[in-house]
Amino acid sequence: MYWLPLGLGFTQYFYTLKTVRGRSMQPTLNPDTSSWDDIVIFDRYSINSGEPIRKGDIVALRDPINSRKMLVKRVVAVAGDIVKTLPPYPDAEVFIPEGHVWVEGDEPFRTLDSNKFGPVPLALLDSKLMYIVWPLDRIGPLRPPISPVSKRGASRDFRWYSDMAAFEREQRRQSRVTTRSTTTSHS
Amino acid sequence: MIPPSWLHLAEPAIKKVGLTCLHLINFGFAFHLFKENVAGLCFMAGPSMLPTLDNSGELVLESILPHRLFPNQLGRGELITLTSPVDPSRIICKRVIGLPGDVVCVDPTGLKAHSTEHVLVPKGHIWVAGDNAAWSKDSRDYGPVSMALVRGRIAARIYPLNRFTVFSKNATYIDH
């Protein structure tokens with residue numbers, strides 16, 4: 001009991017383990033093939049230490065409309081980018097102001113994300129999702145999807161196809177985002 | 001290579017130092033968690049809340065726990081502390097002008113928007129403004145802010161001692 005501040009401080013400011021509920025991040029988290037909710041390590045230290053949030057990070061944030069809820073979404077665009085939005089957002093294009101990010105769930109059909117409440121101030125971001133601990137068949141770090149390499153001569157297996165599908169989904173998401181550097185190159 | 005006999009002699013001392021460090025870290029976390037979740041004294045400086053709060057800095061008592069327990073009991077006219085929506089490392093102090101559902105006049109002074117422009121404050125958001133309209137970056141610049149950014153309210157000004165005030169929660173309405 002005396003050591004409670006130490007434990008509390010560790011989970012508040014460093015790392016904590018939590019379950020992810022809901023289907024808005026399928027198939028990255030909680031896919032339909034899994035019978036249990038994913039258990040993930042949340043990294044609070046990188047957010048507190050001021051490390052810049054990059055596109056492709058999955059973050060946990062406080063819901064801007066209902067401050068008691070926590071949402072888990074992927075950062076699709078950062079400050080300075082222009083995003084082509086999905087319905088039900090009223091404007092077709094949005095410029096992300098300074099200090100804000102645009103978050104979207106990987107499953108666009110059933111998700112409460114920036115397409116409903118707009119750009120999110122960085123102060124609402126609580127932690128970054130670092131590592132899936134359970135279920136064991138998807139154990140491993142959560143990284144932005146990259147194109148999978150196929151070894152010469154090896155047949156492409158299920159894992160290659162699902163990695164390629166994740167990469168294509170990420171490409172489709174990023175095709176709706178124009179970063180600051182690409183807009184200035186036209187002038 | 002450290003000879004084993006030296007290490008055996010030093011072991012209790014190393015253990016003691018390690019344990020003291022853990023005690024210090026524990027105390028540090030306890031102090032920080034108290035300041036962030038219950039109440040704390042903090043130093044407030046800046047021109048945006050003149051004449052209520054001075055530019056050159058004052059020590060105020062920030063009360064956070066009541067807001068944590070009852071987050072929907074914000075009143076119009078309360079002095080609140082919140083994390084800045086434009087810079088997450090800054091904590092700012094502003095006054096609540098509009099609650100969710102209110103229609104707020106964006107800038108009665110006409111500086112940053114035409115004085116007839118009004119805005120409906122969306123659900124879960126509030127409209128904040130600094131008392132010093134000429135020198136305050138507030139909702140007139142960045143729009144309604146989410147209530148999730150609010151930390152707590154300013155309960156009292158402690159220092160300078162000759163200007164000790166307790167800020168009350170209740171605002172008086174001037175009706176036409």
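The values are calculated or read from the model by the stated rules, or taken from the named source; none is laboratory data. In this text the structure is predicted, and so the values were computed from the model without any measurement. Methodologically, a virtual Cβ is constructed for each residue, glycine included, from the backbone with ideal geometry; neighbour enumeration extends over all protein chains shown.
Inside the range B:45-93, residues that are away from chain A (no Cβ under 14 Å) and not hydrophobic (A, V, I, L, M, F, W, C) make up a count of 17. Would you mind stating whether A:Pro52 is farther than 30 Å from B:Pro100 by Cβ and more than 13 Å from chain B (Cβ to nearest Cβ)? So A:Pro52 fails the test.
Condition check ((1) within 11 Å of chain A (Cβ to nearest Cβ); (2) in a helix (DSSP H, G or I); (3) hydrophobic (A, V, I, L, M, F, W, C)) across all residues:
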site: B:Leu9; (1), (2), (3): no, yes, yes
site: B:Thr20; (1), (2), (3): no, yes, no
site: B:Ala30; (1), (2), (3): yes, yes, yes
site: B:Glu36; (1), (2), (3): yes, yes, no
site: B:Leu41; (1), (2), (3): no, no, yes
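Only strands (runs of 3 or more DSSP E) whose full extent lies in the range B:85-176 are considered here, and the ones with at least 3 residues that are touching a residue at least 24 places away in the same chain (Cβ under 8 Å) and either more than 24 Å from A:Ala123 (Cα to Cα) or within 18 Å of the chain's Cα centre (by Cα) (or both) are B:91-98, B:125-129, B:150-159. In the range A:136-148, the residues that are in a helix (DSSP H, G or I) form Cβ pairs under 8 Å with partners that are of a type outside the set (A, V, I, L, M), at six or more places apart or across chains, as follows: A:Arg138/A:Ser34; A:Arg138/A:Asp38. Here the condition is being touching a helix residue (DSSP H, G or I) at 6+ places or on another chain (Cβ under 9 Å) and either over 30 Å from B:Phe27 (Cβ atoms) or touching a residue at least 60 places away in the same chain (Cβ under 8 Å) (or both); of A:Pro88, A:Pro52, it holds for A:Pro88 alone. Hey, could you check the range A:63-84 for residues that are without any contact (Cβ under 8 Å) to a residue 60 or more places away in the chain and under 14 Å from A:Gly118 (Cβ atoms) and say which is nearest to the other protein chains (Cβ to nearest Cβ)? Looking at residues that are without any contact (Cβ under 8 Å) to a residue 60 or more places away in the chain and under 14 Å from A:Gly118 (Cβ atoms), I get A:Ile65.
Annotation for the range B:14-36: no member residue is over 29 Å from A:Gln12 (Cβ atoms) and either exposed (fewer than 10 other Cβ atoms within 10 Å of the Cβ) or modelled with pLDDT of 90 or more (or both). Summed over the range A:84-128, residues that are among the β-branched types (Val, Ile, Thr) and over 16 Å from the mean Cα position of the chain (by Cα) total 3.
Just wondering, is there one or more residues in the range A:4-13 that are in contact (Cβ under 8 Å) with a residue 24 or more places away in the chain, within 14 Å of chain B (Cβ to nearest Cβ) and under 19 Å from the mean Cα position of the chain (by Cα)? Scanning the range A:4-13, I find no residue that is in contact (Cβ under 8 Å) with a residue 24 or more places away in the chain, within 14 Å of chain B (Cβ to nearest Cβ) and under 19 Å from the mean Cα position of the chain (by Cα), so the answer is no.
The residues of the range A:91-135 that are of a type in the set (Phe, Trp, Tyr) and not in a strand (DSSP E or B), listed by number, are A:Phe109, A:Phe117. Among the residues of the range B:43-74, those that are of a type in the set (A, V, I, L, M), crowded, with 16+ Cβ neighbours inside 10 Å and not in a loop (DSSP other than H, G, I, E, B) comprise B:Met44, B:Met49, B:Val60, B:Leu61.
Within the range A:21-48, restricting attention to residues that are without any contact (Cβ under 8 Å) to a residue 60 or more places away in the chain and within 29 Å of B:Asn37 (Cβ to Cβ), the residue that is nearest to the other protein chains (Cβ to nearest Cβ) is A:Asn48. Taken over the range A:100-120, the criterion of being within 14 Å of another protein chain (Cβ to nearest Cβ), surrounded by 16 or more Cβ atoms within 10 Å (Cβ to Cβ) and in contact (Cβ under 8 Å) with a residue 24 or more places away in the chain is satisfied by A:Val101, A:Val103, A:Leu112, A:Ser114, A:Phe117, A:Gly118, A:Pro119, A:Val120. One residue alone among A:Ser67, A:Ser24 is among the small types (Gly, Ala, Ser), touching a strand residue (DSSP E or B) at 6+ places or on another chain (Cβ under 8 Å) and crowded, with 22+ Cβ neighbours inside 10 Å, and that residue is A:Ser24.
Yes or no, residue by residue, for (1) surrounded by 15 or more Cβ atoms within 10 Å (Cβ to Cβ); (2) of a type in the set (A, V, I, L, M, F, W, C):
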| position | (1), (2) |
| --- | --- |
| A:Ser34 | yes, no |
| A:Ser49 | no, no |
| A:Val83 | yes, yes |
| A:Leu124 | yes, yes |
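Only one of the listed residues (A:Arg44, A:Arg62, A:Arg74) is in contact with a Ser or Thr (Cβ under 7 Å, 6 or more places away or on another chain) and crowded, with 18+ Cβ neighbours inside 10 Å. That residue is A:Arg44.
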